[in-house]
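Read through the structure below, which is laid out as structure tokens, and then see the notes.
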Amino acid sequence: MERTLSHRIKARKAQSSPPPPVETDDAVLSSFLSDAAHVPGGFAAGVAFPRSEAEAASLVAQATRVLPIGAQSSLTGGATPRGDVVLSTRALSNISSPGGDSVRVGAGVPLKELQRALAAVGLYYPPVPTFDGAFVGGTISTNAAGAATFKHGSTRRWINAATIVLANGDVLDVVRGETRASDDRPFEIELTTGAVLQVPVPTYVMPDVPKLSAGYYAASGMDLIDLFIGSEGTLGVVVEATLKVIARPKRIAALIRCADDKQAVAVTSALRLEAQSAWRGLGPLDVAAVEYMDTRALRAVSDDAFSRAGVTRPAGQSVMLLLQIEITGDEESALGRLQSVLTSAGVEDDPHLALAGDDRGAERLFNLREAVPSSVNAIVAAAKQAHPDVEKTAGDMVVPFDRLSESIELYRSTLERHRLDYAIWGHVSDGNLHPNVVPQNFDDVRRGREAILEIARAVVAMGGAPLAEHGVGRSALKQQLLLELYGAEGIEQMRAVKRALDPEWKLAPGVLFAP
Ligand SMILES: Cc1cc2nc3c(=O)[nH]c(=O)nc-3n(C[C@H](O)[C@H](O)[C@H](O)COP(=O)(O)OP(=O)(O)OC[C@H]3O[C@@H](n4cnc5c(N)ncnc54)[C@H](O)[C@@H]3O)c2cc1C
């Protein structure tokens, strides 16, 4: 009996409520027409700010097309409206008193606020993307990952439960472990009308990589909650979630100059091994993250940003690595071990360190890392002034770690063959890098797209994925990459899931694939 029921779940009605007002005033709307991808031409039927599950459900039930949004930090145009009613989650901002190993939060809580509330009671939520202004609901919907995914995994691993408003306004309380696919039968969702939605379980094979934000999750025996995580607003609106949390770790940040890519890859490989030993209790060097900034990325950063970090601009072909080291035992032993790894790899300079407790020092180093994307984005914005068609053109590639050197070579040779200026940075401990085109005009953007597509095909052939953490959104290029990854049959399986849960194609239409 239990087995028969395991793939079935019952939706419930939200409390009865009128929908929240839908603002159509241009002065209010204008700040919701774009996301961090800065794709032009966003337009919306209105924007609403539901303050409760009941208001969100009522809005969704009555609307004909809805785009749920968080902080609009999407890099894919996924949070740029195209005529939808924008459902801003920002008023769903409740944080229940955190304690133990979980916390219940509203979808509209920015991660920065969440970390502040958790820090006050010595807790921490690990899977934070580099941009900590992102909202909890947005990060669940994109299965966001970040620097420390290497140790802690992506958002998916940290979601115990989610409350989701379905396309008809019914509410689903999905708790991990309670609703699982069985014998490849579809999930069954019983609506409050008595109708039963048959939601097929996709059968395409996901690449074996540490992070992936590439459409719907698929695995035999999968948990229903995993279908919603990473679905980019297309299957339901997340209104609340229960997140796993841990005791706040003490952390060292270390910035290291490497002579070149070869040395940086060698250091990262050695640090990964040290970390894996530490996780088995066999060493002191518990590295949670290694971030990489290549020569060209560092060149884009201003002298001011270097001096604010108290770091000298590196010369020649140097690249930089920024480490997060968690201290579980003795800080001195971890630092001693770090020094021997660096010496063995031939690293000449001493690292810049921010020791545990030196939050200001750590922030200075993290700000330097953050200056990389913001400096490159500023160059793109400047080019856009002269050529309005110019837009951010970047890859979000992940490869199995043993293909890392080869992948860096691939990014450089492809971009150079296409005669493009570029910069590369990212979460190197996961094999996840962001080759970014630095365009001067639209022709660079056009050739950049060709280069990214070519790189993506080679990355897929290496067993990697071209959609590691930012998602697919409404970007034509990223939708093409999704097709490259799973083929037409895979996309058709995703569309079947969408049709089952949202037959009127009401939620985030045009995200992931065309309606
Ligand atoms: C400087 C910078 C650095 C970044 N670094 C990283 C990084 O390290 N790792 C990473 O993964 N990403 C990164 N990103 C991308 C971005 O921060 C993430 O994709 C983030 O998860 C988006 O959250 P958001 O709240 O801004 O969501 P939005 O951008 O508002 O929305 C993103 C998508 O989720 C859907 N959505 C939002 N809220 C809900 C909800 N409650 N229910 C259902 N669907 C919803 C939207 O419809 C949209 O499709 C970065 C972005 C910037 C600007």
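Derivation of every value follows stated rules applied to the coordinates shown; laboratory data play no part. Predicted, not measured: the structure shown is a model, and the values here were computed from it. Heads up, the Cβs are rebuilt from the backbone with ideal geometry, glycines too, and the neighbour counts pull from every protein chain shown.
Observations
- Percentage, to the nearest whole number, of Cα pairs in the range 17-176 over 19 Å apart: 56
- Relative to the longest principal axis of the Cα atoms of the chain, the long axis of helix 404-417 makes an angle of roughly 90 degrees.
- Charge dipole of the range 1-54 about the Cα centre (unit charges at C-beta), most positive-ward option of ALA45, HIS7, PRO21: HIS7
- With respect to the chain, whose longest principal axis is taken over its alpha-carbon atoms, helix 331-344 is tilted by about 60°.
- All Cα pairs of the range 32-121, percent lying beyond 21 Å: 40
- Convex hull volume per residue for the range 396-479, taking Cα atoms only, in Å³: 83
- Scanning the chain for trypsin sites (Lys or Arg not before Pro) that sit in a DSSP loop and have at most 14 other Cβ atoms within 10 Å, the longest stretch containing none of them is 14-279.
- Mean separation of Cα contacts under 8 Å, 6 or more apart, over the residue count of the chain: relative contact order %: 17
- Binned Cα-Cα distances of the range 195-238, short to long, each 5 Å bin given as a whole percent: 5, 20, 28, 29, 13, 4, 2, 0
- Restricting the range 175-256 to GluC sites (Glu not before Pro) in coil, as DSSP defines it, with at most 11 other Cβ within 10 Å: none
- Computed from backbone phi, the HN-Hα couplings of the range 32-48 come to 10, 8, 8, 10, 5, 7, 6, 6, x, x, x, 8, 9, 6, x, 9, 10 Hz, rounded to whole numbers (Karplus: 6.51 cos²θ - 1.76 cosθ + 1.60, θ = phi - 60°; Gly and Pro given as x).
- The chain - Rg over Rh from alpha carbon coordinates, Kirkwood radius: 0.96
- The range 130-269: proportion of alpha-carbon pairs further apart than 21 angstrom, %: 51
- Going by neighbour counts of Cβ atoms within 10 Å, the residues PHE442, PHE49, PHE135 line up, fewest first, as PHE442, PHE49, PHE135.
- Among the lysines of the chain, pairs at least eight places apart or on separate chains and with Cα atoms under 25 Å apart come to 25.
- C-alpha center-to-center spacing [the range 202-271, the range 458-481] in angstrom: 14
- Share antiparallel - DSSP beta bridges, the range 1-106, percent rounded to 5: 25
- Helix 476-501 vs. the chain, principal-axis angle (Cα, 0 to 90°, nearest 10): 30
- Percent of beta bridges antiparallel (DSSP, the chain, rounded to nearest 5): 80
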